[in-house]
């Protein structure tokens with residue numbers, strides 16, 4: 001027999017049969033009206049959405065992501081988030097992302113705390129002393145701001161003073177549309193309290209390359225942990241105030257210096273008195289090697305600003321007072337700087353010229369060129385540079401993005417520098433795009 005086409009109701013429905021159509025109609029007519037309540041909910045939701053939208057506009061404007069903003073500002077705002085966006089699109093769990101991050105950190109050895117966009121590579125010709133004369137603004141792109149550490153910290157741990165030479169230079173650069181290479185020098189320019197850490201200041205001498213006259217000064221025990229902590233405090237305060245200032249394109253690594261921002265020179269090869277004073281104060285080449293690495297580590301607090309380290313064939317001071325060149329150590333420090341700071345490490349030298357140098361400079365310059373990336377040079381002093389224009393041509397061929405000019409450039413017509421300024425700016429743009 002075929003089964004009935006009428007389905008049986010479940011037991012609970014059979015015990016409670018559905019009400020008649022009339023009863024259902026009567027119940028519907030007597031249900032309380034819900035439209036006013038629904039209308040109030042819709043109004044509340046609309047107001048909430050408007051508030052969220054207004055907050056979003058404010059945040060996007062602050063970050064530079066509204067339509068109409070410059071592409072550079074939009075890129076800078078989006079860069080810190082690009083890694084997370086890529087992860088989200090590629091899938092994978094949080095654990096997978098953590099493993100990838102750990103592997104990348106181990107591979108690159110770049111400071112794990114470095115994040116966010118880097119400022120563009122400093123490019124063009126630079127005045128090595130001050131804001132250039134207005135007649136050169138169209139053919140120079142920036143200038144060096146050299147400040148003594150003693151001008152910034154009068155006592156251990158002291159805050160940076162307001163309206164200090166750096167603040168004044170920023171205002172001048174902003175008005176002129178130029179960029180700054182900041183150079184805060186330790187060495188003989190350190191404050192007396194820093195020079196006195198661990199003992200009385202150490203007397204040093206050197207022969208002035210311009211006048212040929214002997215010059216003397218005092219330095220601190222830069223190779224000691226106490227001096228290192230003081231220098232780190234200085235860098236912490238400088239980075240906190242200036243790392244996000246767009247005019248400051250680059251800073252300098254200067255803890256282990258004597259007279260100049262050249263930490264691989266000891267000015268002891270021809271002046272035995274300097275060698276003896278350093279050794280008597282506790283200096284060793286082993287401690288100096290540690291200092292060289294620690295001063296690079298101190299620069300990791302600069303997250304958005306590149307740091308320049310000036311290289312020379314390292315002058316190794318031995319316990320007997322003799323000095324030998326160790327260019328291989330110099331190359332090792334180039335690699336160390338790049339491994340720790342990545343693109344933030346700018347390789348420098350402050351003595352390029354067409355006149356002769358020691359045989360160790362050739363291999364050093366070749367090593368800088370081979371590493372590529374950020375490269376910046378300073379010419380030798382006017383009486384040593386030789387042919388200035390030929391020196392600039394050589395620097396461009398080396399892949400440098402900027403060159404500090406000798407003070408004698410002011411005797412040359414601005415038109416002589418226009419082409420080279422443009423060329424170095426082009427190299428800087430390529431370096432920035434390729435980082």
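The values are calculated or read from the model by the stated rules, or taken from the named source; none is laboratory data. On a predicted model such as this, the values are computed, not experimentally measured, just so you know. Methodologically, a virtual Cβ is constructed for each residue, glycine included, from the backbone with ideal geometry; neighbour enumeration extends over all protein chains shown.
Does residue 428 meet the test of being in a helix (DSSP H, G or I), under 17 Å from the mean Cα position of the chain (by Cα), touching a residue at least 12 places away in the same chain (Cβ under 8 Å) and under 22 Å from residue 249 (Cα atoms)? Considered against the rule, which asks whether it is in a helix (DSSP H, G or I), under 17 Å from the mean Cα position of the chain (by Cα), touching a residue at least 12 places away in the same chain (Cβ under 8 Å) and under 22 Å from residue 249 (Cα atoms), residue 428 comes out as yes. Could you check residue 228 against (1) crowded, with 16+ Cβ neighbours inside 10 Å; (2) out of contact with any helix residue (DSSP H, G or I) (no Cβ under 6 Å at 6 or more places or on another chain); (3) in a helix (DSSP H, G or I); (4) touching a residue at least 60 places away in the same chain (Cβ under 8 Å) and say which number it fails? Unmet condition: (2). Whether a residue is at pLDDT 95 or above and within 21 Å of residue 305 (Cα to Cα) was assessed, and residue 289 does not pass this test. Scan segment 203-225 for residues that are in contact with a helix residue (DSSP H, G or I) (Cβ under 8 Å, 6 or more places away or on another chain) and either assigned to a helix (DSSP H, G or I) or without any contact (Cβ under 8 Å) to a residue 40 or more places away in the chain (or both) and the total you get is 3. Scan segment 376-401 for residues that are buried (at least 23 other Cβ atoms within 10 Å of the Cβ) and within 14 Å of residue 365 (Cα to Cα) and jot them down. Within segment 376-401, 376, 377, 378, 379, 395, 400 qualify.
Among residues that are in contact with a strand residue (DSSP E or B) (Cβ under 7 Å, 6 or more places away or on another chain) and under 23 Å from residue 408 (Cα atoms), residue 181 is included.
Criterion first (outside any loop (DSSP other than H, G, I, E, B) and touching a helix residue (DSSP H, G or I) at 6+ places or on another chain (Cβ under 7 Å)) does residue 143 satisfy it? In short, no. Taken across segment 234-245, residues that are crowded, with 21+ Cβ neighbours inside 10 Å, under 26 Å from residue 171 (Cα atoms), out of contact with any strand residue (DSSP E or B) (no Cβ under 8 Å at 6 or more places or on another chain) and in contact (Cβ under 8 Å) with a residue 12 or more places away in the chain do occur, with at least one present.
Please go through segment 146-164 and pick out each residue that is touching a strand residue (DSSP E or B) at 6+ places or on another chain (Cβ under 9 Å), in a loop (DSSP other than H, G, I, E, B) and over 14 Å from residue 235 (Cα atoms). Within segment 146-164, just 164 meets the criteria. Looking for something in contact (Cβ under 8 Å) with a residue 60 or more places away in the chain and assigned to a strand (DSSP E or B) - is there at least one such residue anywhere in segment 359-378? Scanning segment 359-378 turns up at least one residue that is in contact (Cβ under 8 Å) with a residue 60 or more places away in the chain and assigned to a strand (DSSP E or B). If you go through segment 172-202 and keep only what is closer than 17 Å to residue 253 by Cα and assigned to a strand (DSSP E or B), you end up with 180, 181, 182, 183, 184, 185. Go through the residues of segment 277-292 one by one and say whether even a single one is surrounded by 23 or more Cβ atoms within 10 Å (Cβ to Cβ), part of a helix (DSSP H, G or I) and touching a strand residue (DSSP E or B) at 6+ places or on another chain (Cβ under 7 Å). Checked segment 277-292: at least one residue is surrounded by 23 or more Cβ atoms within 10 Å (Cβ to Cβ), part of a helix (DSSP H, G or I) and touching a strand residue (DSSP E or B) at 6+ places or on another chain (Cβ under 7 Å). Got at least one residue in segment 198-207 being touching a strand residue (DSSP E or B) at 6+ places or on another chain (Cβ under 9 Å), loosely packed, with under 15 Cβ neighbours inside 10 Å and at pLDDT 95 or above? Scanning segment 198-207 turns up at least one residue that is touching a strand residue (DSSP E or B) at 6+ places or on another chain (Cβ under 9 Å), loosely packed, with under 15 Cβ neighbours inside 10 Å and at pLDDT 95 or above.
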